[in-house]
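The values are calculated or read from the model by the stated rules, or taken from the named source; none is laboratory data. It should be emphasised that the depicted structure is a prediction, and the values quoted were computed from it without experimental measurement. Don't worry about glycine lacking a Cβ; one is built from the backbone with ideal geometry, like all the others, and counts go over all protein chains shown. Protein only, heavy atoms only, side chains kept; ligands, DNA and RNA dropped before computing areas. Shrake-Rupley method; radii C 1.70, N 1.55, O 1.52, S 1.80 Å.
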Amino acid sequence: MDDFSFKIEENVAVIFAGKGGWNLELNKVAWGEREAKYDLRSWSPDHKKMGKGLTFTQEELKALKDALNALPLN
């Protein structure tokens, strides 16, 4: 079975504050013994429970940033 341990190494930003204290957050998270990656997911107030999310390398996050910057958002 895979090691499901994790450590939030850096809290980058709270994207959205949800009901009941659960927040959508961008963090740098080390999963198991692996190198930390950028991670976007919802977290409980104590960071012991989490929702489904997406994990990005620095290169993937940069590509996402570039794509978002190109969107015509008002």
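A compact table of results
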{"read-out": "Of all residues making up region 1-51, the number that are aliphatic (A, V, I, L, M), outside any strand (DSSP E or B) and open to solvent by less than 50 Å² (accessible area, probe 1.4 Å)", "value": "1"}
{"read-out": "Residue check, G32 touching a Ser or Thr at 6+ places or on another chain (Cβ under 9 Å) and on the phi < 0 side of the Ramachandran plot", "value": "no"}
{"read-out": "Search result, residues across region 52-63 that are surrounded by 14 or more Cβ atoms within 10 Å (Cβ to Cβ) and among the aliphatic types (A, V, I, L, M)", "value": "L61"}
